[in-house]
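Throughout, read-outs are computed from the coordinates displayed, never taken from laboratory work. Here the structure is a predicted model, which is why all the values come from computation and not from measurement. Every residue, glycine as well, gets a Cβ built from its backbone with ideal geometry; the counts of neighbours run over all protein chains shown.
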Amino acid sequence: MRGASGAGRTRRPPRRRGVTRVGLVPALVLGVAGPAFAGPGGFLQAPGSGTVPAACAVPNLDRMHAAVRSQLGDAYRALQALESAGGRAAADAAPDRRLGGAYGGLGMLLFAADYPDAAGRCLRRAARLAPDEFRWPYYLAHVSIRIGDLDQAVEFLERALAIEPRDFAALVWLVHVQVDRDRPEEAERLLARAWASHPDTQALLYQGGRAALAAQSYAAAVARLEAALRLNPAATVIHYPLFMAYRGLGDLDRARDHLARSGARTGGRSAAGGAVYFPDPLMAEVYTMLRSPQAHRDLGLQAAERGDWPEAARQLGQGVEMAPDNPVMRLNFGTALIRTGDAPAALAQLEAAVRLDPGFAAAHFLIGTLLERSGRDREAVDRFTAAVTADAGLGAAHLRLGDALRRTGRFEAALSHYRQVQGEQARFGEAMALVRLGRYPEARQTLDAARERFPAEPSFPHALARLLAAAPDAGVRDGPRALALAQGLVAEGHRTAGVAETMAMAMAELGRFAEAVEWQGLAMQAAADAARSDVARGMTANLALYQRNEPCRTPWRDDEPEYNPGPAVDPGLLPPGPGG
């Protein structure tokens, strides 16, 4: 369920209650000119006799895109034509499915455009004209959820289920609303009914976890929510109720872990952000009805969350056509184009975004990533610099800027950017910049601290072993500890060419040259087996040292990946830049 509300025992205020806006498309404010045609009081009026009830008049649409205003105007005129052709009085509510469909269609458009009150008025008339039509009470339930009237939402969902008792989406939403109303017993009754026909469904497991949490049945909540998360680990909305459930059980370590993964500490969604999805064809129809930039943006983002990048690019491209001056729309379109593999088109969209908003940090950052992938590091440095200048808190840009500066030999400048970022990559980059600057004691201290802080990351003990075995500074070297670290890596299953070469360095530092030769030979064979004959050839210099009973005093060769961070370079990714 998109943006499902947090689980927890909530008390019922006496009147309308707010609820997380679930599965709905908000309107995009574009600041366009006034409505296509306006009547008294700022309400749109179709030309003609005015037989449509005033309650269903289209509201002021000044904030909407011209295409949406036109679409709503067409629906209003079609409805008026039907009313006039039938010679009906406005108060006439005799069943008429065709006319009910016209009112309902206008209500759906108003709902999609984020006018829930006006949508509700039209949908109520549709429900009176077609009382056996499932969709109208179903949409009225969603209108009620939108405005926070949960009691009314229950009434409409129950009416819809009386028409279609097995409708899965209506059952899920009714469970959701009953939990939000603090009715976990009712929610459990509905869950039993839904599970009979839809077992092991993520949406029901999630709602079941919320219901158990509301009833303070913390163990049951954990079991259900963990099962839901296993079905789709990307659904990060599940982490916050899991935090609540584990906290209720007194397991504070797991609680803190789920709180961090929920994004709640930063007031937003996790970077991996994700919702719980389930089939909801009627709401999908609402999502797709509007001809507006916002609708295309929302459809594009939904496609992106599903991993359907071609569809995301198609939808977002239509959004850009309708709102060419919206830099965020161009950023989203450019991101989708990157994922489809069309880097030149993506670059064009991102450049257009920064022309519209020169301080758009995210767009500068993405341009920088494309430039570094194409091997244009000096231009990438300029773009990453623009990104951190516009947004000093953009950690990813500081990190990529540090990497690009290191690749271009500007180690001191790289160091300052790494130190503005938390995390494993930043600490490793900091240590390597210190090594390149010849500041070996500081590099050793940085790697030691990172090894303690990130015990599961093998790159830190590996780099530390290299430094202890082969640093030019005798005060930094520690052969016995280097060997112990390297042996630990081998024991843990890290049997790579690089680890074997580190073992050789440590053996040589201890004067065990015959063993160093043996390990260096194993390293060279591993590189050759991995089809890296170039790497194997680079190892011959150290092999010659050990054969002469000399230790290594170069922890890393200039061409090794530790000194050259960043993505694989594709010179043909982008057309040549201004410099050729």
Next on the checklist: Along the charge dipole of the chain, pointing to its positive end and built from +1/-1 on Cβ of Lys, Arg, Asp and Glu, which listed residue (ALA497, VAL154, ILE238) has its Cα farthest out?
Outcome noted: VAL154
Next on the checklist: Starting from 0.36 nm per residue, how many nanometres of slack lie between LEU510 and ARG339 once their C-alpha separation is accounted for?
Outcome noted: 56.6 nm
Checklist outcome for this item: For the stretch 465-563, the dipole about the Cα centre with charges only on Cβ (Lys and Arg +1, Asp and Glu -1), to the nearest 20 debye, works out at 160
Item to check | Per-residue ³J(HN,Hα) for the stretch 425-438, Karplus 6.51 cos²θ - 1.76 cosθ + 1.60, θ = phi - 60°, Hz, x for Gly and Pro | outcome: 4, 5, 5, 5, x, 4, 4, 5, 5, 5, 4, 5, 7, x
Item to check | Gyration tensor (alpha-carbon) shape descriptor, the stretch 465-563, a/c threshold 1.5 | outcome: rounded
Next on the checklist: Helix-only estimate, please: 222 nm mean residue ellipticity of the chain, summing -39500 (n - 2.57) across DSSP H runs of length 4 or more and dividing by its residues, to the nearest 500.
Outcome noted: -19500 deg cm²/dmol
Item to check | Pairwise FRET efficiency - ARG98 versus THR389, Cβ, R0 = 60 Å, nearest 0.05 | outcome: 0.50
Item to check | Three-way shape call for the stretch 377-425 based on the alpha-carbon gyration tensor, with the a/c threshold at 1.5 | outcome: oblate
Next on the checklist: If I stretch the segment between LEU282 and SER84 completely, what's the gain in nm (0.36 nm per residue apart, minus their alpha carbon distance), one decimal?
Outcome noted: 68.4 nm
Checklist entry - Given +1 on the Cβ of Lys and Arg, -1 on the Cβ of Asp and Glu, and no further charges, what dipole in debye does the chain carry about its Cα centre, rounded to the nearest 20? => result 1180
Item to check | the stretch 391-485, relative contact order in percent, only Cα pairs under 8 angstrom and at least six apart counted | outcome: 18
Item to check | Cβ-based charge dipole, the stretch 270-387, positive-most Cα from PRO279, ALA313, ILE338 | outcome: ILE338
Next on the checklist: Multiplying the sequence separation of VAL569 and THR540 by 0.36 nm and subtracting their Cα-Cα distance, what value in nm do you get?
Outcome noted: 7.8 nm
Next on the checklist: So, R0 is 25 Å and r is the distance between the beta-carbons of GLU305 and ASP257; what FRET efficiency does that work out to, to 0.05?
Outcome noted: 0.60
Next on the checklist: So for each of 110-118, 550-558 I average, over its residues, the number of other beta carbons within 10 Å; can you give me the resulting order with the highest mean first?
Outcome noted: 110-118, 550-558
Next on the checklist: Apply the a/c threshold of 1.5 to the C-alpha gyration tensor of the stretch 185-235 and tell me whether it is rounded, prolate or oblate.
Outcome noted: oblate
Checklist entry - Got a sec to turn the phi values of the stretch 450-457 into Karplus ³J(HN,Hα) couplings, 6.51 cos²θ - 1.76 cosθ + 1.60 with θ = phi - 60°, whole Hz, x for Gly and Pro? => result 5, 4, 6, 6, 10, x, 8, 9
Checklist outcome for this item: If amide H atoms are modeled at 1.01 Å from N in the peptide plane, then the residues at a separation of 5 or more from HIS198, or on another chain, having amide H under 5 Å from its own are none
Item to check | Length-normalised contact order for the chain - Cα pairs under 8 Å, 6+ apart - percent | outcome: 8
